[in-house]
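The values are calculated or read from the model by the stated rules, or taken from the named source; none is laboratory data. Quick caveat, the model's predicted, so the values are computed rather than measured. Positions of Cβ are backbone-derived with ideal geometry, glycine not excepted, and every protein chain shown enters the neighbour counts. Heavy atoms of the whole protein, side chains included, go into the accessibility calculation; ligands, DNA and RNA do not. Shrake-Rupley method; radii C 1.70, N 1.55, O 1.52, S 1.80 Å.
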Amino acid sequence: MGPGGSSSAWPLAGTVLVAVATSLAAGGEDCLWYVDRNGSWHPGFDCDFFTFCCGSCHQRYCCRDPLRLLTERQQRHCLAF
């Protein structure tokens with residue numbers, strides 16, 4: 001059991017903390033160019049400070065939710081497949 005109570009909240013809190021730290025260290029991850037489901041090409045774009053690239057291989061936008069973070073590595077993986 002964790003300090004001061006139940007340990008069940010610690011894994012989730014740790015995951016969120018790592019995601020927030022990763023996004024802040026990235027300094028507003030850029031959204032790379034992508035092709036949507038209709039085959040239309042979209043240019044890459046920068047996200048504002050304290051926001052980062054979110055979405056999927058076929059739709060990208062800037063957001064503040066670390067659980068929706070789309071890393072540059074994930075975006076590059078989309079390009080390969």
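Quick rundown of the values:
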{"quantity": "Scope region 36-63; condition open to solvent by 30 Å² or more (accessible area, probe 1.4 Å), hydroxyl-bearing (S, T, Y) and in a loop (DSSP other than H, G, I, E, B); matching residues", "calculated": "S40, S56"}
{"quantity": "Long-range neighbours under 7 Å by Cβ, at least six apart or interchain, first residue without any contact (Cβ under 8 Å) to a residue 12 or more places away in the chain and within 16 Å of E72 (Cα to Cα) within region 35-53, second open to solvent by 60 Å² or more (accessible area, probe 1.4 Å) and among the aromatic types (F, W, Y)", "calculated": "P43/W33"}
